[in-house]
Amino acid sequence: MDLQSIPAIADGLRKVENTITRLGGSSALPAINEAAERVIHAGGKRLRPALTLATALAFGKKPDRRVITAAACVELIHAGSLVHDDLMDGATQRRGIPTLNADLGHSKALVIGDFMLARAGLAALTAVSRPVAEVLAATTVELAEGQFLETADLFNRERTQESALRSITGKTAALFRASCTVAAICARAEAQDRARMAAYGERFGLIFQILDDLLDLAAPAGSMGKPTGHDLEQGVYTLPVLRTRAKNPQLLDGDVPAILARLNRAEIVEDTLAYCRDLADQAASALPAFREPGIAASLRGLPHSYIDQVAEMTRRPALRKAI
Ligand code: FPP
Ligand code: MG
């Protein structure tokens, strides 16, 4: 199941693309525009803006200029946060192209990330609405806090599952939640339905991050553009790892090859997928009763369908070779 295959969403996403390009290129300084545009057009699934469009449509709201701008702001915040993430990770490549920190140096990358985040906030305030701008500003605070928690726990072998969950709720799930909430606000959905959409978005965001963390350990070798166990190498003990440690307290002793050798990949895949399927059930049952049954069904099936895609990736033959 793919939101982009729904014509109204595909059409909305084309407009979102134009708006992101315009916002990313709106600096008085051409060098900032060039760099921001490069990041924006490096690719990406546009999952968050698709969620915004789907939510609006599900509530019976056509994606007007405000909805399109809100969706573009969400994606701009995502892209800006990745610029900061790459800077913090010292990453040299993302989506097959050099990162801004590798290309322009740390200081310029830092302020270009700042520009993208701030530009999204300004557009939300001036071209969407104050309530939407408030949600996005609060989400940006959560992103920073979630990332801080991850940083504070680097190489902490005592990291708890609760701490990891709190971190990913802030760094990833909050923006998925906001993708849905801003659309519910634009559609003037009732408070109870907004809260239901927020719960859906947050759970989907958790699934997205937990599966990203799983793929770091269990994707076919070479398919992620980084080596297996990169998170462990960086000192990030993710939820799939911490859930395994609960059954094997010595798991994190020793160096990364030793940890990887101790991990039973089939077991970690099975455990993580089951955990995510439970979250997907929670997401589906959080959804409100919508006016548009077709889009509602797509939203309901989306988290499970994403889990199925990742499950399939972990089963590809290259994985067996990697094991
Ligand atoms: C990617 O996850 C990173 C994030 C989801 C968020 C990063 C957030 C920040 C750097 C805070 C930004 C600051 C503000 C003010 C918003 P990952 O590192 O797990 O995945 P990756 O494999 O894509 O790097
Ligand atoms: Mg990262």
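Before moving on, here are some points about what is shown:
- Hits in the stretch 66-82 (condition: away from ligand 1 (no atom under 11 Å from the Cβ) and open to solvent by 20 Å² or more (accessible area, probe 1.4 Å)): 66
- Within the set 87, 143, the sole residue that is over 22 Å from residue 69 (Cα atoms), within 10 Å of ligand 1 (Cβ to nearest atom) and under 19 Å from the mean Cα position of the chain (by Cα) turns out to be 87.
- Scanning the stretch 183-223 for residues that are surrounded by 22 or more Cβ atoms within 10 Å (Cβ to Cβ) and basic (Lys, Arg) turns up 194, 203.
- Test: residue in the stretch 300-320 that is modelled with pLDDT of 95 or more and either at positive phi or not in a helix (DSSP H, G or I) (or both): no
- Any hit, the stretch 42-65, residues being over 26 Å from residue 152 (Cα atoms), part of a loop (DSSP other than H, G, I, E, B), away from ligand 1 (no atom under 11 Å from the Cβ) and of a type in the set (A, V, I, L, M): yes
- Applying a threshold of 7 Å to beta carbon distances and a minimum spacing of six or more residues, or different chains, the list of pairs starting in the stretch 72-94 at a residue that is closer than 14 Å to residue 230 by Cβ and ending at one that is near ligand 2 (Cβ under 9 Å from one of its atoms) and of a type in the set (S, T, N, Q) reads 89/234.
- Residue 85 meets each of the listed conditions (1) in contact with a helix residue (DSSP H, G or I) (Cβ under 6 Å, 6 or more places away or on another chain); (2) within 16 Å of ligand 2 (Cβ to nearest atom); (3) open to solvent by 10 Å² or more (accessible area, probe 1.4 Å) apart from (1).
- Scanning the stretch 263-299 for residues that are among the basic types (Lys, Arg) and modelled with pLDDT of 95 or more turns up just one, 277.
- Residues within the stretch 108-152 that are open to solvent by 70 Å² or more (accessible area, probe 1.4 Å) and within 23 Å of residue 18 (Cβ to Cβ), tallied: 3
- Failed condition for residue 95, given (1) within 10 Å of ligand 1 (Cβ to nearest atom); (2) more than 30 Å from residue 244 (Cα to Cα); (3) surrounded by fewer than 13 Cβ atoms within 10 Å (Cβ to Cβ): (2)
- Between 167, 163, the distinction of being on the phi < 0 side of the Ramachandran plot, surrounded by fewer than 21 Cβ atoms within 10 Å (Cβ to Cβ) and either modelled with pLDDT of 95 or more or more than 13 Å from the chain's Cα centre (by Cα) (or both) belongs to 163 only.
- The combined condition, being in contact (Cβ under 8 Å) with a residue 40 or more places away in the chain, within 16 Å of ligand 2 (Cβ to nearest atom), surrounded by 17 or more Cβ atoms within 10 Å (Cβ to Cβ) and over 30 Å from residue 199 (Cβ atoms), is fulfilled by residue 100.
- Listed by first and then second residue, the pairs linking a residue in the stretch 6-31 that is in contact (Cβ under 8 Å) with a residue 12 or more places away in the chain to a residue that is open to solvent by 50 Å² or more (accessible area, probe 1.4 Å) and not basic (Lys, Arg), with Cβ atoms under 7 Å apart and 6 or more places separating them unless they lie on different chains, are 13/4; 21/37; 24/37; 25/37.
- Complete set of residues in the stretch 224-260 that are open to solvent by 10 Å² or more (accessible area, probe 1.4 Å), within 16 Å of ligand 2 (Cβ to nearest atom), assigned to a helix (DSSP H, G or I) and touching a residue at least 40 places away in the same chain (Cβ under 8 Å): 234
- Any chance residue 155 is on the phi > 0 side of the Ramachandran plot, within 16 Å of ligand 2 (Cβ to nearest atom) and open to solvent by 30 Å² or more (accessible area, probe 1.4 Å): yes
- Residues that are away from ligand 2 (no atom under 16 Å from the Cβ), assigned to a helix (DSSP H, G or I) and under 22 Å from residue 65 (Cα atoms) within the stretch 158-192 comprise 176, 177, 178, 179, 180, 181, 182, 183, 184, 185, 186, listed in sequence order.
The values are calculated or read from the model by the stated rules, or taken from the named source; none is laboratory data. No experiment lies behind these values; they were computed from the predicted model shown. Here Cβ is always computed from backbone atoms with ideal geometry, including for glycine, and neighbour counts include all displayed protein chains. When the accessible area is computed, the model is the full protein with side chains, heavy atoms only, and any ligands, DNA or RNA have been set aside. Shrake-Rupley method; radii C 1.70, N 1.55, O 1.52, S 1.80 Å.
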